[in-house]
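The values are calculated or read from the model by the stated rules, or taken from the named source; none is laboratory data. Model, not experiment: these values are computed from the prediction. No Cβ is skipped: glycine too gets one built from the backbone with ideal geometry, and neighbour counts run over all protein chains shown. Please note that ligands, DNA and RNA were not included when accessible areas were found on the heavy atoms of the full protein model with its side chains. Shrake-Rupley method; radii C 1.70, N 1.55, O 1.52, S 1.80 Å.
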Amino acid sequence: MAGDNRPMPQHPDRLIRLQGATNFRDLGGYTGQGGRPLRWRQLFRAEHLADLTEADQAAVAALGLARTFDFRGVNERAATPYQLPGAVQHALSIEPSVVQRMQDIVAAGQSLTVPAVVGLMNELYRALVNDQSHRFAQLFEHLLDEDRPMLFHCTAGKDRTGVAAALILLALGVDRATVMQDYLLTNQHYRHPPMPASETPPEVRAVLWTVREDFLATALDSIDREHGGIDTYLQQHLGLSPAARAQLAARYLQDE
């Protein structure tokens, strides 16, 4: 609260340590517009939550999450549904595309190589900012609608979720180096589940299960080159007028 002189509590751990999810993270503490840090325990990013244990459920419930935003496609949600008591779920479907494209490559008699899959991932990131901006616009509508603690996620919490997190942080004035740092934390924390035997080379699978600086850089470069920069993109494609961004900052940045 403005005028509240109580000392700020020590920053909690960014990673929420759970048994059934390894990439559940708080966006709090990053320095935003005017040097004001993001509030802790308001904005969370994660992978899917279908494998949470009872202890995990209790730990997540203690966060007071009121709403979750699920970027998974229809079949992904049906395969691994979840329930969080007290949290309203919102589907913001972005259908996965890379695995299908990989299958098309194999069906055409071509080899799956690291450069080929890196190319597919870069195409994905361009498509996320160019073709899926309406989903991110919906997310921001919810962010502006109320400020109760929220979580957004996809399957692994790295690509669709990574772009969403980057857009939120940039909209709140966080610098790009810090945005990239948050994005790359996935490589420290995310542990994918055991996978069935596959003819896909392990080095190719590694591309799919990690994030790379050039992936997010591709998305941001597309915003800069094709949409006039982040400020124009936020306003024209995500519906964030200067007044809306000021409202966003008031809700999610700590008071001066």
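About the Cα centre of the chain, how large is the charge dipole given +1 on each Lys and Arg Cβ and -1 on each Asp and Glu Cβ? Please answer in debye to the nearest 20.
340 debye
Between GLN89 and residues 5 or more places away or on another chain, which pairs have amide H atoms under 5 Å apart, with H built 1.01 Å from N, and which residues are they?
When sequence neighbours closer than 5 places are left aside, the close amide H contacts are THR68.
How high is the relative contact order of the chain, in percent, counting Cα pairs under 8 Å that sit 6 or more residues apart?
25 percent
Once a ≥ b ≥ c are taken as the square roots of the eigenvalues of the Cα gyration tensor of segment 26-184, is the result rounded (a/c under 1.5), prolate (a/b larger than b/c) or oblate (a/b not larger than b/c)?
oblate
What distance in nm lies between label points placed 7 Å from Cα along the C-beta direction at ALA116 and GLN235?
Reported label-point gap for ALA116 and GLN235 is 4.4 nm.
What is the set of long-range amide H partners of LEU253 at a cut-off below 5 Å, with H atoms built 1.01 Å from backbone N?
So LEU253 has HN proximity to ARG39.
Using the alpha-carbon centroid of each, what span in Å lies between segment 12-78 and segment 207-235?
23 Å
What dipole magnitude, in Debye to the nearest 20, does segment 26-116 give about its Cα centre under +1 on Lys/Arg Cβ and -1 on Asp/Glu Cβ?
So the dipole magnitude of segment 26-116 works out to roughly 440 debye.
Identify the trypsin sites (Lys or Arg not before Pro) of segment 169-230 meeting these criteria: DSSP loop state and at most 14 other C-beta atoms within 10 Å of the C-beta.
Filter output for segment 169-230: ARG191.
Starting from the Cα gyration tensor of segment 120-168, take the square roots of the eigenvalues, sort them a ≥ b ≥ c, and report rounded, prolate or oblate (rounded when a/c is under 1.5, otherwise prolate if a/b is larger than b/c, else oblate).
oblate
Less than 17 Å from a label point 7 Å out along the Cα-to-Cβ axis of ARG148: which backbone N atoms in segment 77-93 qualify, by residue?
So the set is 83-91.
Rounded, prolate or oblate: pick one for segment 151-256, where a ≥ b ≥ c are the square roots of the eigenvalues of its C-alpha gyration tensor, a/c under 1.5 means rounded, and failing that, prolate if a/b is larger than b/c, else oblate.
prolate
Put a dot 7 Å past each Cα toward the Cβ at ARG17 and GLN254; how far apart are the dots in nm?
Modelled inter-label distance: 2.3 nm.
Relative to the present Cα-Cα distance, how much length would full extension add between ALA177 and ASP104 at 0.36 nm per residue of separation?
Here the answer is 22.7 nm.
With labels modelled as points extended 7 Å from the Cα through the Cβ direction, what inter-label distance (nm, one decimal) is found for THR80 paired with ALA66?
2.8 nm
Excluding ASP26 itself, calculate the net charge of residues whose Cβ lies under 12 Å from the Cβ of ASP26, where each Lys or Arg counts +1 and each Asp or Glu counts -1.
+4
Roughly how many Å² is the accessible area per residue of segment 1-120, as a whole number, for a 1.4 Å probe?
I get 53 Å² per residue for this part.
Taking the Cβ-Cβ separation of ASN187 and ASP224 as r and a Förster radius of 25 Å, what is the calculated FRET efficiency to the nearest 0.05?
About 0.55, to the nearest 0.05.
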